[in-house]
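**Q** Before I ask anything, let me first share the structure, which is written out below as structure tokens.
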Amino acid sequence: MPPVPKPVAKDYVPAFFPKRQGGAAHAGGPEEPRTRIVVVGHVDHGKSTLIGRLLADTQSLPDGKLEAVERACREEGMPFEYAFLLDALLEEQAQNITIDTTRIGFRHEGQGFEIIDAPGHREFIKNMVTGAAAAEEAILLIDAKEGLKEQTRRHGLLLSLLGVSKVIVAVNKMDLVDWKEERFRILDKEIREYLGGLKISPREVVPISAREGANVKNSDSIGLGWWKGPTLLRALLSGVGRNDVQKEGPLRLVVQDVYRFDERRVIAGKLESGKIRVGDSVVFFPDRKTSKIRSIEDWGNPDPVQELGPGRGVAITLEEQIFVERGHVGSHEQNPPVESRELKARIFWLDTEPLRLQAPVQLRLATQSVEGRLVSIDRLVDADKLEQKRWVGSRWRRSGFVAADPWFMTPTIGWNRWGGLPCRGAPVWVEGESFWRRNIRPPWPRR
Amino acid sequence: MSYLQHLEDQSIYIFREAFANFKNMAMPWSMGKDSNTLIWLAKKAFAGKIPFPLVHIDTTYEFPEMLAFREWARNHYGIDLIVMVNEEARKRGVGYESHDPVTVTHELKSLALQQALAKYKWDALVTGIRRDEDSTRAKERYFSPRTAENEWEYRDQPPEFWGQFTTAVKPGEHVRVQPLLDWTELDVWEYVRREGIPVPKMYFAENGRRYRSLGCWPITQSIESQVSTIDGIVEELKTTKTAERAGRAQDHHERNAMQKLRAKGFM
Ligand SMILES: Nc1nc2c(ncn2[C@@H]2O[C@H](COP(=O)(O)OP(=O)(O)OP(=O)(O)O)[C@@H](O)[C@H]2O)c(=O)[nH]1
Ligand SMILES: [Mg+2]
């Protein structure tokens, strides 16, 4: 036991420093967003190994981490596995498999990344979707020897459904095919064809060996001497750029809650798109009541805030005491949201129970939540074979009108079995691009 | 919009989603940098008033400064604070003098929390964990359910994306709400600096040593550092190769110590 620490003075005050005005720019904070990249592909094709390699080669690991992995591998009686840097659960290490998604950050050449390791095993597809839905870009990994497999195709399909269209393909384990260029060219062609059917055009297809560290960070002049293209890391770096540009668009203020903790009645929510200013007239849907904004509340800020833009969390008070509650959507009078009872969506069913027509499900769009029913299925797609390259399409009918239009920044509709527990193995859907423009409520204001 | 601003907005969104969906939530609070960032974010999320109690799980091995900070903050922020001690385990003689750090951490932290859960019947707990702290936390969800036994079913976590979270629990279960999951240690310090959030002085060097992560005094090591300013901390973190929790003995007691602790309810 170390010595008991000394007591502190009676009139203790903690460390204080002045607030930096002007935000992160003035404080030298990180201005740039981190590019989030998910690594997907068939089980055992080397996704976790690749990420471990990237972290090790870019010197992003804390001291002692590699040694800890070495010890774990020895205990499991295995040669060194870079994958253990990600597969940290005992169950994962014992089976050399990824069970759940890991998200881990690193910086290189001044660019921040967050790499998301997705599991390739079919059983963990909900975890793969959880990881991939957070990504802006993807690396689709293929084992050079095994070629395209079931989950290679399914993950490709999911990427397109999730709207992750920036994709780099890595043909891994080139060491197992004697670094042969012909093999790479065959897979290059095959994967481009497949992804083309999904309207994904890969930014780059690169040969690598994750385990040997060939063409990951460092180019490889021996086996891959024939390769004139970029390393994987170079390909990643060359693609960074903001692709989550905040929508300026019309105002869509989704209401999360209304607080009455003191004499104020504070409406709390998030700006999915557009701007608000003090004094603006805002209409709240579905009730269609209007009020002017009296104030924007910003705790801890000595200067009153006059305006907030897209993506920001907001807390406002209103001039008029109109009824507003969670799920309402505020907009300006000029640009109201589309409200409809029906929508068309592409979906991916993650539950173990089949989805049935007319079965009630809970539909969620941002903070709106209504009961909905699947009324028809237009097309089905077999994710394993991707036959005829058709989309999953279906129509949903809802119990109430919901504000739903493309101005919602997040493709936020989710669902759970109505009344059931949304926790375990619950179905989740993947959003469709087009909302069904039928059964639409007459636009506001009524003329 | 700066990345830090994005993180702040996201955390505020998570706080509000939790409060809108759960009936009886609480926020464990350890007086460290992450905890104080959470208070700050909660103040912003709820326009100045934190509408749920804070809970300090007092292991009875707290640094004197942390206790002093606790009392100072209770006043300063006007928070509703519940202090919990696992008296039963202390009576049995569980302590660092005689037991290993994993056992003591489990008894005096996780079980104390479980006792508090049984007493107050919280359905959600806001925690300050971050993915970059350790590799099991890197697999966490923003809303992470725990069983009635306070266990984390890491082999079967719910799907979670596009701002939709697990918000229903069976009786006795609760959800860990984790607004700082996407933040890094560096992000927290940059935010502390940007906002001017008060933190304990132990984070700043005295006689060539400072603390990077704060826990029970018998098992928490300080690091060698000359850094005595907030700018210094930010700069040091940009170049350091030492893991944040390297000085926390319970993490390194055995292989996968964190997994075992966290599966049983540790934060
Ligand atoms: N020969 C060779 N083996 C590799 C290479 N990359 C990975 N491996 C091996 O392939 C096996 C599987 O690697 P992982 O990284 O665990 O595969 P994964 O794609 O993450 O697997 P899941 O996450 O379970 O889907 C391990 O034994 C690796 O050592 C490579 O470039 N060459
Ligand atoms: Mg893996």
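**Q** Rounded, prolate or oblate: pick one for segment B:190-251, where a ≥ b ≥ c are the square roots of the eigenvalues of its C-alpha gyration tensor, a/c under 1.5 means rounded, and failing that, prolate if a/b is larger than b/c, else oblate. Intermediate values should be presented prior to the final figure.
**A** Values: a/c = 1.61, a/b = 1.48, b/c = 1.09.
It is prolate, given that a/c is not under 1.5 and a/b is the larger ratio.
**Q** Placing +1 on the Cβ of each Lys and Arg and -1 on the Cβ of each Asp and Glu in chain B, which of B:V188, B:G95, B:I219 has its Cα farthest towards the positive end of the resulting dipole?
**A** Highest projection toward the positive end goes to B:G95.
**Q** Over all pairs of distinct alpha carbons, what does the Kirkwood formula give as the hydrodynamic radius of the protein assembly as shown, in Å?
**A** Working: mean 1/r = 0.0372 Å⁻¹.
Answer for the protein assembly as shown: a Kirkwood hydrodynamic radius of 26.9 Å.
**Q** Would you mind checking segment B:14-36 for residues with the amide N under 11 Å from a putative spin-label position 7 Å along Cα→C-beta of B:T60?
**A** Of the residues in segment B:14-36, none has backbone N under 11 Å from the label point off B:T60.
**Q** Can you tell me the FRET efficiency between A:N301 and A:R203 if r is taken as the Cβ-Cβ distance and R0 is 45 Å, rounded to the nearest 0.05?
**A** The calculated FRET efficiency here is 0.60.
**Q** Rolling a 1.4 Å sphere over the protein heavy atoms, what is the accessible area per residue of segment A:252-331, to the nearest Å²?
**A** With the other protein chains kept in place, segment A:252-331 gives 39 Å² per residue.
**Q** At a 1.4 Å probe, what is the % contribution of carbon and sulfur to the accessible area of segment B:67-143? The partial results should precede the final answer.
**A** Numbers: 1530 of 3020 Å².
The nonpolar share, carbon plus sulfur, comes to 51 percent.
**Q** Give me the residues in segment A:37-63 whose solvent-accessible area, probe 1.4 Å, is reduced by at least 30 Å² once all protein chains are included instead of the chain isolated.
**A** So the qualifying set is A:P62, A:D63.
**Q** Let me ask you something else. Using the Karplus curve 6.51 cos²θ - 1.76 cosθ + 1.60 with θ = phi - 60°, what ³J(HN,Hα) values do you get for each residue of segment A:210-221, in whole Hz, with x for Gly and Pro?
**A** Karplus-based 3J(HN,Hα) across segment A:210-221 equals 5, 5, 7, x, 8, 6, 8, 9, 9, 6, 10, 8 Hz.
**Q** Continuing with the same structure: With the full set of protein chains in place, find how many percent of the accessible area of segment B:190-251 is carbon and sulfur; take the probe as 1.4 Å.
**A** Within segment B:190-251, the accessible surface is 44 percent carbon and sulfur.
**Q** Structure shown: which of A:K47/B:K139; B:K33/B:K109; A:K10/B:K43; A:K19/B:K43 lie over 20 Å apart, alpha-carbon to alpha-carbon?
**A** Working: A:K47/B:K139 16 Å; B:K33/B:K109 18 Å; A:K10/B:K43 27 Å; A:K19/B:K43 16 Å.
Table pairs above 20 Å Cα-Cα are A:K10/B:K43.
**Q** Show the residues, 5+ positions off or on another chain, whose built amide H is closer than 5 Å to the amide H of A:E204.
**A** Residues meeting the amide H criterion: A:V169.
**Q** When only the heavy atoms of the protein chains count and the probe is 1.4 Å, how do B:K139, A:K180 rank by accessible area, highest first? Could the numbers behind the result be given before it?
**A** Values: B:K139 5, A:K180 90 Å².
Ranking B:K139, A:K180 by accessible area, largest first, yields A:K180, B:K139.
**Q** Ok, one more. Take every DSSP beta bridge whose two residues both sit in the protein assembly as shown, then give the antiparallel share in percent to the nearest 5. Walk me through the numbers before you get to the answer.
**A** Numbers: 69 of 101 bridges.
Percent antiparallel among DSSP bridges in the protein assembly as shown is about 70.
**Q** Rounded to the nearest 100 Å², what is the buried accessible area between B and A, both sides summed, probe 1.4 Å?
**A** On the way: alone 12530 and 23490 Å², together 28260 Å².
What B and A bury together is about 7800 Å².
**Q** Over segment A:31-238, average the accessible area per residue using a 1.4 Å probe and give it in Å², no decimals. Numbers along the way, then the final one.
**A** On the way: 7740 Å² over 208 residues.
Here the residues of segment A:31-238 average 37 Å² of exposed surface.
**Q** Beyond 26 Å, what share of the Cα-Cα pairs of segment A:152-292 is found? Please give it as a whole percent.
**A** On the way: 4985 of 9870 pairs.
That fraction is 51 percent.
**Q** Okay, moving on. Compute the FRET efficiency between A:K228 and A:E150 as 1/(1 + (r/R0)^6), taking r as their Cβ-Cβ distance and R0 = 41 Å, and round to the nearest 0.05.
**A** Details: r = 32 Å, r/R0 = 0.78.
Efficiency computed from Cβ-Cβ geometry: 0.80.
**Q** Right, here's the next one. Grab the beta carbon distance between A:R185 and A:R107, set R0 = 41 Å, and tell me the FRET efficiency rounded to 0.05.
**A** On the way: r = 34 Å, r/R0 = 0.83.
That gives a FRET efficiency of 0.75.
**Q** I'd like the Karplus ³J(HN,Hα) series for segment B:27-36: coefficients 6.51, -1.76, 1.60, θ = phi - 60°, whole numbers in Hz, and an x wherever there's a Gly or Pro.
**A** With coefficients 6.51, -1.76 and 1.60, one gets 10, x, 9, 10, 6, x, 4, 5, 4, 6 Hz.
**Q** Here's something else I'd like to know. Name the long-range amide H neighbours of A:A210: under 5 Å, sequence gap of 5 or more, or other chain; modelled H, no Pro or chain starts.
**A** Answer set, sorted by chain and number: A:K173, A:M174.
**Q** What is the average number of partner chain Cβ atoms found within 10 Å of a Cβ in A:96-106?
**A** 4
**Q** Taking H placed 1.01 Å from N in the peptide plane, check which residues at least 5 places from B:R212 or on another chain put their amide H under 5 Å from its amide H.
**A** Amide H neighbours of B:R212: B:I223.
**Q** When the Karplus curve 6.51 cos²θ - 1.76 cosθ + 1.60 is applied with θ = phi - 60°, which whole-Hz ³J(HN,Hα) does each residue of segment B:166-179 get, with x for Gly and Pro?
**A** 6, 10, 10, 9, 7, x, x, 8, 8, 10, 8, 9, 10, x
**Q** Next up: Students sometimes get this wrong: rank A:R288, A:R107, B:R248 by accessible area, probe 1.4 Å, all chains present, largest first.
**A** Values: A:R288 35, A:R107 140, B:R248 15 Å².
Listed by decreasing accessible area, they come as A:R107, A:R288, B:R248.
**Q** Shifting gears a bit: Sort A:293-301, B:62-70, B:33-41 by the packing proxy (mean of other Cβ within 10 Å over each peptide's residues), most packed first. Write down the numbers at each step before the final one.
**A** Numbers: A:293-301: 16.4, B:62-70: 20.7, B:33-41: 23.6.
The most tightly packed comes first, giving B:33-41, B:62-70, A:293-301.
**Q** Only four residue types carry charge here, +1 at the Cβ of Lys and Arg and -1 at the Cβ of Asp and Glu. Report the dipole size of the protein assembly as shown about the Cα centre in Debye, rounded to the nearest 20. Each step should come with its number before you reach the end.
**A** Details: 104 positive and 100 negative charges, 438 e Å.
Rounded to the nearest 20 debye, it is 2100 debye.
**Q** For the modelled label position 7 Å from the Cα of A:M1 along Cα-to-Cβ, which residues of segment B:213-247 have backbone nitrogen atoms closer than 19 Å?
**A** Residues B:215-222 qualify, since their backbone N sits under 19 Å from the label point.
**Q** Is there a simple number for the mean count of other chain Cβ atoms within 10 Å of the Cβ of residues in B:1-14, and what is it? Don't jump to the answer; show the numbers that get you there.
**A** Values: counts 9, 9, 8, 7, 7, 7, 3, 4, 7, 3, 1, 7, 8, 1.
The mean count of partner-chain Cβ atoms within 10 Å per residue comes to 6.
**Q** Something else now. Give me the distance in nm between label points sitting 7 Å out from Cα along the Cα-to-Cβ direction at A:D63 and A:N335, one decimal.
**A** My value for the distance between the label points is 5.4 nm.
**Q** Quick check for you: with a 1.4 Å probe and neighbouring chains kept, what is the accessible area per residue of segment B:129-262, in Å²? Don't skip to the end; give the middle numbers.
**A** On the way: 4350 Å² over 134 residues.
On a per-residue basis, 32 Å².
**Q** Would you work out what percent of the accessible area of segment A:31-238, with all protein chains in place, is carbon or sulfur (probe 1.4 Å)?
**A** Values: 3540 of 7740 Å².
The nonpolar share, carbon plus sulfur, comes to 46 percent.
The values are calculated or read from the model by the stated rules, or taken from the named source; none is laboratory data. Owing to the predicted nature of the structure, the values given are computational and were not obtained by experimental measurement. Here Cβ is always computed from backbone atoms with ideal geometry, including for glycine, and neighbour counts include all displayed protein chains. Side chains included, ligands, DNA and RNA excluded: accessible areas come from the protein's heavy atoms. Shrake-Rupley method; radii C 1.70, N 1.55, O 1.52, S 1.80 Å.
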